[in-house]
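Everything on this sheet refers to the single structure shown next.
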Amino acid sequence: MKKIAIYGKGGIGKSTTTSNIAAALSNLGYKVMQIGCDPKSDSVKNLMGGAKIPTVLDKLRENSDDVKIDDIVFEGYGGVLCVEAGGPTPGLGCAGRGIITAFEKLEELNAYEIYKPDVVLYDVLGDVVCGGFAMPIRQGYADNVFIVTSGEMMSLYAASNIAQAVKNFGTRNYAKYSGVILNSRNVENEIEVVQKALDEIGGKIVNVIPRDGLVQQAENEGKTVVEAFPGSEMAENYISLAENIMKICTGGE
């Protein structure tokens, strides 16, 4: 089982990218589980036909003593197993603590043993890499960490912080920083800007995902590009990204 965390600044297209990777991997024959670790709880909606699923924290608040595995794991496009950690009641509690609670519940219910996914994708908000948001890195849940960024300054600033956080835990044989996914925003000389930043941050550009209106069109239908426009060049970009991620995670590159 390969466990992969995908981090990025809020609004950078991290969840869109992750769900398209999940859809592409399922088409390539992998059994995939995607776990949304953002309080907005919208990581998997494009794998679920646009519907938001009940979160782990929702179910625990309803009945903490009687939560079953099929209350929190839902099958989406291509058989992708979808989970949303959820967040606290607005104004109350800590979102990071919610992630910790959700992870603990999945383990308690033996989710990984029951479903036996080939790949687990953690979709993690990376504006602040502390508390529960750092859990996929520090607790050894993820084997590899990829960062979604653009050429925008704040996105690259967040990427630098995330990469540093991963490196800080590197001596404990936790997750490995494995590069960045450039989700283009049509910034002038964007590839060069990101590459210059990586000269300081470290790592490499795994794939460049071009800006394309098909992404929004697919999301308007509650789908990934891979599902909505399977023969498109944009779908091929996501398939290429998924293949490259698996090569890196299996030591093939």
Open item on the list: Based on this model, can you work out whether TYR157 counts as farther than 24 Å from PRO210 by Cβ and either surrounded by fewer than 19 Cβ atoms within 10 Å (Cβ to Cβ) or in contact (Cβ under 8 Å) with a residue 12 or more places away in the chain (or both)?
Closed with: no
TODO: Could you please find all residues in segment 203-237 being small (Gly, Ala, Ser) and either out of contact with any Phe, Trp or Tyr (no Cβ under 9 Å at 6 or more places or on another chain) or exposed (fewer than 13 other Cβ atoms within 10 Å of the Cβ) (or both)?
DONE: GLY213, GLY222, ALA228, GLY231, SER232
Task: Looking only at segment 40-65, and only at residues there that are buried (at least 21 other Cβ atoms within 10 Å of the Cβ) and more than 16 Å from THR18 (Cβ to Cβ), the one that is modelled with the lowest pLDDT - done: LEU57
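Restricting the search to segment 26-40, which residues are assigned to a strand (DSSP E or B) and out of contact with any Phe, Trp or Tyr (no Cβ under 9 Å at 6 or more places or on another chain)?
Residues of segment 26-40 assigned to a strand (DSSP E or B): 32-37.
Selection gives VAL32 alone.
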TODO: Could you figure out which of (1) free of Cβ contacts under 8 Å to residues at least 12 places away in the same chain; (2) in a helix (DSSP H, G or I) isn't true of ALA242?
DONE: (1)
Task: Single condition ILE191 does not satisfy, out of (1) outside any helix (DSSP H, G or I); (2) touching a Leu at 6+ places or on another chain (Cβ under 8 Å); (3) β-branched (Val, Ile, Thr); (4) surrounded by fewer than 20 Cβ atoms within 10 Å (Cβ to Cβ) - done: (1)
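Applying the selection to segment 227-253, what residues are over 19 Å from LYS176 (Cα atoms) and either under 16 Å from the mean Cα position of the chain (by Cα) or of a type in the set (S, T, N, Q) (or both)? Steps first, please.
Kept after step one, since they are over 19 Å from LYS176 (Cα atoms), are these residues of segment 227-253: 227-240.
Listed by number, the residues that qualify are SER232, ASN237, TYR238, ILE239, SER240.
Can SER15 be described as under 23 Å from ALA163 (Cβ atoms) and either part of a loop (DSSP other than H, G, I, E, B) or without any contact (Cβ under 8 Å) to a residue 40 or more places away in the chain (or both)? Steps first, please.
Values: under 23 Å from ALA163 (Cβ atoms): yes; either part of a loop (DSSP other than H, G, I, E, B) or without any contact (Cβ under 8 Å) to a residue 40 or more places away in the chain (or both): no.
So SER15 fails the test.
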Open item on the list: If I filter segment 188-205 for residues that are closer than 24 Å to ASN46 by Cα, in contact (Cβ under 8 Å) with a residue 40 or more places away in the chain and under 19 Å from the mean Cα position of the chain (by Cα), do I get at least one hit?
Closed with: no
TODO: Please work out which one of (1) surrounded by fewer than 21 Cβ atoms within 10 Å (Cβ to Cβ); (2) within 25 Å of VAL206 (Cα to Cα); (3) in contact with a Ser or Thr (Cβ under 7 Å, 6 or more places away or on another chain) is the condition GLY8 fails and give its number.
DONE: (1)
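The values are calculated or read from the model by the stated rules, or taken from the named source; none is laboratory data. Source: prediction; values computed, not measured. No Cβ is skipped: glycine too gets one built from the backbone with ideal geometry, and neighbour counts run over all protein chains shown.
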